[in-house]
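Q: My questions all concern the structure below.
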Amino acid sequence: SLAMLLQLVLPLILFFIGFAAIAADRENGTLKILLSQGASWKEILLGRSLGLFGIACLFFIPVFIIVAVLLLLHNNPVANTNEFIRLLLTMFSYTVFFAILSIGTILVSASSSSAKASLIKLLSIWLLLAIVAPKTIQAVGSALYAIPAKVDFETAIEKDVLQQGDSHNPDDPFYKRFKDSVLLANNVDSTHQLKFNFGGLVGKKGEQLSSEVYKKHQDRLFGIYNRQIHFSELFSFVNPFAAIRHQSMILAGTDFSAYICFQ
């Protein structure tokens, strides 16, 4: 997907482009010449970071321009306004993300004794933050906030529904009381004297009660999912890959909250 290209592939490309930015200059002696000619460390680091960030912009800015053009071709001005705001915020988020990666890449290159060591460090960082850490945190969150198996979920619902009463059993105590209350309210002695279909009323009541039970269990399940998501979001403060993923999903309207709202 486009999100995977921007969140995983492009950072890896930037690491491959920038790993030797300063480490290689240290190895071939160019760095000493730059420093001896009056260039400061701050200027060198800033210049290389801006250069690498410029390369990132060449990749991701055209993507957002194409999306903006497609939005302009859409005929709904209200929807376009909302989507343009989301698009601008998404572009800003990716700008910050790639700026962090560019600066981080140059700092790693500057702190490495060789270009080879710099490349190994950056690949390790990418593998850890982009692949291993998200999967590990997700697994830990699932273990801490375990969801019931599908068969257990359905069994619990069925058990609660039967505790309330079985609408298919005419001798069920709950529905017998329900029948008596309906007859009393309509001042009749038999369901045949009612002006409506009593069986349909029982079915409606059964659906209402079972729906309430299902919603209760579903809300409990969604609560567990939310706790899992919030647990993983805590690590977004130290992992830019996780942060941009969560932020991108929120702005695109594909996160869990949007899914619940859509339902």
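The values are calculated or read from the model by the stated rules, or taken from the named source; none is laboratory data. Source: prediction; values computed, not measured. Note that each Cβ is placed from the backbone with ideal geometry, even for glycine, and that neighbours are counted across all protein chains shown. Accessible surface is based on the protein model in full, side chains and every heavy atom, while ligands, DNA and RNA are left aside. Shrake-Rupley method; radii C 1.70, N 1.55, O 1.52, S 1.80 Å.
Q: Please give the number of the condition PHE174 fails out of (1) of a type in the set (A, V, I, L, M, F, W, C); (2) modelled with pLDDT under 90; (3) within 26 Å of ARG227 (Cα to Cα).
A: Checking PHE174 against (1) of a type in the set (A, V, I, L, M, F, W, C); (2) modelled with pLDDT under 90; (3) within 26 Å of ARG227 (Cα to Cα), the one that fails is (3).
Q: Could you look through region 228-245, keep only residues that are assigned to a helix (DSSP H, G or I) and exposed (fewer than 14 other Cβ atoms within 10 Å of the Cβ), and pick out the one that is modelled with the highest pLDDT?
A: The qualifying residue modelled with the highest pLDDT is HIS230.
Q: Are there any pairs with C-beta distances below 7 angstrom linking a residue in region 44-73 that is within 15 Å of PHE15 (Cβ to Cβ) to a residue that is of a type in the set (Phe, Trp, Tyr) and assigned to a helix (DSSP H, G or I), with the two at least 6 apart or on different chains, and if so which?
A: Matching pairs, first to second residue: PHE53/PHE98; ALA56/PHE98.
Q: Restricting attention to region 217-234, report how many residues are basic (Lys, Arg) and touching a residue at least 24 places away in the same chain (Cβ under 8 Å).
A: Total satisfying the criteria: 1.
Q: Could you check region 1-60 and list, in sequence order, the residues that are part of a loop (DSSP other than H, G, I, E, B), of a type outside the set (A, V, I, L, M, F, W, C) and more than 26 Å from PRO134 (Cβ to Cβ)?
A: If the condition is that a residue be part of a loop (DSSP other than H, G, I, E, B), of a type outside the set (A, V, I, L, M, F, W, C) and more than 26 Å from PRO134 (Cβ to Cβ), then GLY29, GLN37, GLY38, SER40 are the ones that fit.
Q: Only residues that are surrounded by fewer than 17 Cβ atoms within 10 Å (Cβ to Cβ) and of a type in the set (Lys, Arg): list them for region 23-43, please.
A: Hits for region 23-43 are LYS32, LYS42.
Q: Within region 246-263, work out how many residues are open to solvent by less than 80 Å² (accessible area, probe 1.4 Å) and assigned to a loop (DSSP other than H, G, I, E, B).
A: 2
Q: With a cut-off of at least 1 residues that are closer than 30 Å to SER49 by Cα, name the helices (runs of 4 or more DSSP H) lying wholly within region 108-174.
A: Output list reads 115-126, 133-144.
Q: Quick one: which of ILE100, ILE120, ILE106, ILE137 is closer than 30 Å to HIS217 by Cβ, at pLDDT 90 or above and of a type in the set (Val, Ile, Thr)?
A: Answer to the selection: ILE137.
Q: Additional query: Only one of these conditions is not met by SER111: (1) open to solvent by 30 Å² or more (accessible area, probe 1.4 Å); (2) modelled with pLDDT of 90 or more. Which number is it?
A: (2)
Q: Output the residues belonging to region 175-202 that are assigned to a helix (DSSP H, G or I), free of Cβ contacts under 8 Å to residues at least 12 places away in the same chain and either within 17 Å of GLN164 (Cβ to Cβ) or out of contact with any Asp or Glu (no Cβ under 9 Å at 6 or more places or on another chain) (or both). Steps first, answer last, please.
A: Residues of region 175-202 assigned to a helix (DSSP H, G or I): 175-185, 191-193, 198-202.
When the remaining residues are screened for being free of Cβ contacts under 8 Å to residues at least 12 places away in the same chain, the result is 176-177, 180-181, 183-185, 192-193, 199-200.
Of everything in region 175-202, those that are assigned to a helix (DSSP H, G or I), free of Cβ contacts under 8 Å to residues at least 12 places away in the same chain and either within 17 Å of GLN164 (Cβ to Cβ) or out of contact with any Asp or Glu (no Cβ under 9 Å at 6 or more places or on another chain) (or both) turn out to be LYS176, ARG177, ASP180, SER181, LEU184, ALA185, HIS192, GLN193, GLY199, GLY200.
Q: So, one more: Could you please tell me which pairs satisfy a Cβ distance under 7 Å, a separation of 6+ or placement on different chains, a first residue in region 121-135 that is touching a residue at least 60 places away in the same chain (Cβ under 8 Å), and a second residue that is among the polar types (S, T, N, Q) and assigned to a helix (DSSP H, G or I)?
A: Note: pairs meeting the criteria are LEU122/THR105.
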